[in-house]
Amino acid sequence: MKKGILLIIVFISITINRLSAQTSGVPCADLFFSEYIEPASGHTGVKSIEIFNPSLSGINLSGYILKLFTNACAGNASTFTFPNKVLNANDVYVISIKTGAMSSTDSAYMNTVRDTSWGSLTFNGNDALMLISPTNDTLDIFGVPCANPTGSWHFGTDSTENITLVRNATIHNGSKNWANVANEWTSFAPNTILNLGSHTMVPCGAGSQPMLSFSPKAGNYNEAAGTLSIAVSLINPNSQPVVANVSLKAGSATSGTDFTYASTQVTFPISTAAYQTQHVSLTIIDDTIIEPIETFQIVVDTVSGGAFVGTDSIFTGSIIDNDAPIIPVISFTTTASTCLESAGSFNLILSISNPKSTATTVDINVTAGVATAGSDFTFNSPTTVTFPANSSSNQTISVPVNDDLLVEGAENIQFTLSNPTNGAILGAIGMFTQNITDNDVAPSNVVYFFNVISDTVVENAGNIYASIHIVNPPSTAENVHITAKGTSTYNTDYGFVTSNPVNIPAGLSNYNVMINITDDASIEGDEIIELHLDNPSTGSIGFDSVMTILLKDNDGLGISATTIKDFTIYPNPVTRNGTLKLTQVPSEAVSFEVMNLMGQKCLSIDLKHASKVSLSEYSINEGIYFFVLKSFNGQILKTGKLIVK
């Protein structure tokens, strides 16, 4: 009887553990990474990681751990153990390490939002992070633990080095697959910390529920700015108008003395657009009193129309006194513009007030938008703009627009300003949105094409995805074939996880095909995988029907000290006539280098495919030398002393 009870207890224990493990990845069920800050090289700031609780109740952090994997696991992973503390619903936990002196404003802000410091938080763009639950379940990753990227982790045109990343508001849970996680972030300029300490997430179950917030949620204004136009944003508008009241909240500035504002009601009409903006006006009073920087706050409240208020529901404005020493103010000249895809280019125009006697610079960054850099437009982010000394002239940057053949609808690009120099500050319009109107006509039949036509992966990437876009999705499940070509070998270098032909369910406009990359030990160099869409059961194949994947080999040259046998120099000491001899002929390039006592290279001989080389062809003075035998990739195979008489 006792044995039976023991078996029941074991069964219950296993079942509970399995149920606990299954919570990993469930939307809004457990913690995940919400922000990552890696300062620019040589800049001041902090390295930070933010963890978010998306659930409807508090979570005790006791038992959770954070692991940092550095240099592809060349050393032991560093582990941070969370304290016995309850993290409230929709709250964040911030871990950081200071990397240099900070401004007094940023330092005060960091002291407010930081929960703890961790001295081992020394990631630099090519390291990986892993968040693990008390049940030892991996909840979320950043990068690929124990993998070694080329310089840093890359996604799109961005890199995890020298950048600030904020998890998208539509993400509800972590993931163990970096191929998915890499596409779930919005990038900001290095040292951007205003988003740290809170996180905006569309609530689970909200679906397309409208959400109101300020965008941006803060701004700096000269006292002479006059009337400001502050943007209130609505995402996911529904089939009814949304009405919100924007009222005065708090701040150190005095209403009626430093500014005037009356509670304002804004209305968002019925629209099919995914993003709408309305504005409220606040007027700054320009007095003659020398005073410190003062702030005002306005808040979105009293919402109707089925919308809810997001985390960024409070706008904080800072009023910069103009009676003190002159401070340059840099701003975009307008908040938004629209052009056709066939326009060729559009302009970013920046203004400066109160220029100084030396040049002033500012960076323009691409921070959001659905248009894709490189395919829809061309822009190096960040781009530095220079205002000459004593010049108040506007500066214009021309951005090329690519006129493709894709039917993609209206797209937009969001630009923001950062890193003003020479004591300058950012003005009222620190963000500019360029809207691009598509000039391509959608086909009437079903069309299949690849969303991304080129990619580069390392041989140890594991599972990757090829995304197929379907125009006018059919009402029934249909098939499309993928023909594999290229220099790589199917079922040896890679294979399809998703069945081929690909069966696409009815009504889908996008479908991901999973491909497994084989990490072999063969030295084979880089190879190409070509995927061709063809033979659809319904409709036709579109323009971008070929996806090219560059497969980077991760195996070395295969030469080591153990493969170089019986290497001799004779005679030694050597006169003018000597011989280098290898009993085993190397299959790869091997070099023989001779250096003098000063470390200067005197002789270099390529021994590839050669078992014996005469030294009589080379001129070298009498003396004592050192020789080094090296592989092609710089590995030292053998060293020794050489005496020439």
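Pairs needed: first member in region 224-243, farther than 23 Å from residue 329 by Cα and in contact (Cβ under 8 Å) with a residue 40 or more places away in the chain; second member anywhere, part of a loop (DSSP other than H, G, I, E, B) and of a type in the set (D, E, K, R); C-beta distance under 9 Å; at least 6 residues apart or different chains.
Correct list of pairs: 233/312.
Determine whether residue 334 is part of a loop (DSSP other than H, G, I, E, B), out of contact with any helix residue (DSSP H, G or I) (no Cβ under 8 Å at 6 or more places or on another chain) and at pLDDT below 90.
No; evaluated as a whole, the condition is false for this residue.
This table checks each residue for (1) under 23 Å from residue 276 (Cα atoms); (2) modelled with pLDDT under 80; (3) β-branched (Val, Ile, Thr).
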residue	(1), (2), (3)
169	yes, no, no
176	no, no, no
191	no, yes, no
201	yes, no, no
209	yes, yes, no
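In this structure, is residue 166 crowded, with 19+ Cβ neighbours inside 10 Å, within 15 Å of the chain's Cα centre (by Cα) and among the β-branched types (Val, Ile, Thr)?
Details: crowded, with 19+ Cβ neighbours inside 10 Å: yes; within 15 Å of the chain's Cα centre (by Cα): yes; among the β-branched types (Val, Ile, Thr): yes.
Criteria met by residue 166.
Do we find that residue 413 is among the hydrophobic types (A, V, I, L, M, F, W, C), surrounded by 19 or more Cβ atoms within 10 Å (Cβ to Cβ), touching a helix residue (DSSP H, G or I) at 6+ places or on another chain (Cβ under 8 Å) and in a strand (DSSP E or B) in this structure?
So residue 413 does not fit the description; no.
Would you mind telling me which numbered condition in (1) in contact with a Lys or Arg (Cβ under 7 Å, 6 or more places away or on another chain); (2) at pLDDT 95 or above; (3) among the aliphatic types (A, V, I, L, M) residue 364 fails?
(1) is the only condition that residue 364 fails.
Within region 170-238, which strands (runs of 3 or more DSSP E) (wholly inside it) include 3 or more residues that are at negative phi and within 24 Å of the chain's Cα centre (by Cα)?
185-188
Identify, by number, the condition in (1) in the same structural domain as residue 225 (by TED's automatic domain parsing); (2) at positive phi that residue 311 doesn't meet.
(2)
Search region 528-548 for residues being at pLDDT below 90 and in a strand (DSSP E or B), and hand back the single one that is nearest to the chain's Cα centre (by Cα).
541
With the requirement that a residue be in a strand (DSSP E or B) and under 17 Å from the mean Cα position of the chain (by Cα), what does region 128-151 give you?
Hits for region 128-151 are 128, 129, 130, 140, 141, 142.
Which fully enclosed strands (runs of 3 or more DSSP E) of region 446-497 have 1 or more residues being farther than 25 Å from residue 144 by Cβ?
In region 446-497, the matching strands (runs of 3 or more DSSP E) lie at 447-450, 463-471, 478-485.
Tell me yes or no: at least one residue of region 509-522 is free of Cβ contacts under 8 Å to residues at least 40 places away in the same chain and within 30 Å of residue 146 (Cα to Cα).
yes
Going by the structure shown, is residue 449 surrounded by 20 or more Cβ atoms within 10 Å (Cβ to Cβ) and in contact with a Gly (Cβ under 6 Å, 6 or more places away or on another chain)?
For residue 449, the condition - surrounded by 20 or more Cβ atoms within 10 Å (Cβ to Cβ) and in contact with a Gly (Cβ under 6 Å, 6 or more places away or on another chain) - is met.
The values are calculated or read from the model by the stated rules, or taken from the named source; none is laboratory data. Computed from a prediction, not measured in an experiment: that's the story for all the values here. Every residue, glycine as well, gets a Cβ built from its backbone with ideal geometry; the counts of neighbours run over all protein chains shown.
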